[in-house]
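Here the structure comes first, spelled out in structure tokens, and everything after it is commentary.
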Amino acid sequence: MDVLQLDVSGRPQAWITTREAAVIYACDGVAWTLGDACQELRGGLQRATGRQSRITVHPIVAVRGAMPSRAWRQAPALSNAKLFARDRFVCAYCGHRHLPEDLTREHIQPTSRGGQDGWMNCITACRPCNGRKGNRLPEEARMNLLYLPYVPSLHEDMILRGRRILADQMEFLLASVPRSSRLHG
Ligand SMILES: [Zn+2]
């Protein structure tokens, strides 16, 4: 499992391993936790008692201290995996759901014609639809978008990046995802 790391105010920071989380516990860096304890790790022997230390890890861990503000000004990085997840693996032109290997990052305004390689100009398309549209705008190709692009929020980005998200973590993240998000669909 992965642990969802938050800052002290509850904003998501990263997915970390239970081992990384254990280090934060051991350094007394945990401000608060959410969810039921989900894993117990064994540490080293305690010198005073001779007993092995144990660290109980929670699925959501808020860390003490300030977060560099730089991280909050940037939009989430765009990747094909996250783009396809944002768009629920559905081609924006034919509306069919596809496997990731059959999908492409489609630039609504082609990059050769000044289109940006960002969240607002990228949409998920299957290979045939992408090939058919080619170097044209949707209206030139008479191919209408069945849904629109958007920039994922920070909470949504954590869902798109997660590998195996526990129920407690999903509940926490979805509570802050805008109603308009396709992740609610
Ligand atoms: Zn298609």
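The values are calculated or read from the model by the stated rules, or taken from the named source; none is laboratory data. What you see is a predicted model, and the numbers here were worked out from it, not measured in a lab. Reconstructed Cβ throughout: ideal geometry from the backbone, glycine too, with neighbour counts over all protein chains shown. Just so you know, the surface numbers come from the protein's heavy atoms only, side chains and all, with ligands and any DNA or RNA stripped out. Shrake-Rupley method; radii C 1.70, N 1.55, O 1.52, S 1.80 Å.
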Residue in region 30-41 that is open to solvent by less than 60 Å² (accessible area, probe 1.4 Å), among the aromatic types (F, W, Y) and free of Cβ contacts under 8 Å to residues at least 40 places away in the same chain present: no
Members of region 1-25 found to be crowded, with 18+ Cβ neighbours inside 10 Å and small (G, A, S), listed by number: A21, A22
Criterion (in a loop (DSSP other than H, G, I, E, B) and closer than 30 Å to C38 by Cα) met by exactly one of R179, R136: R179
Subset of region 80-99 [at pLDDT 95 or above, assigned to a loop (DSSP other than H, G, I, E, B), more than 10 Å from the ligand (Cβ to nearest atom) and not aromatic (F, W, Y)]: D87, L99
N121, sole failed condition from (1) surrounded by 12 or more Cβ atoms within 10 Å (Cβ to Cβ); (2) of a type outside the set (K, R); (3) near the ligand (Cβ under 9 Å from one of its atoms): (3)
F172 within 14 Å of the ligand (Cβ to nearest atom), aromatic (F, W, Y) and open to solvent by 40 Å² or more (accessible area, probe 1.4 Å): no
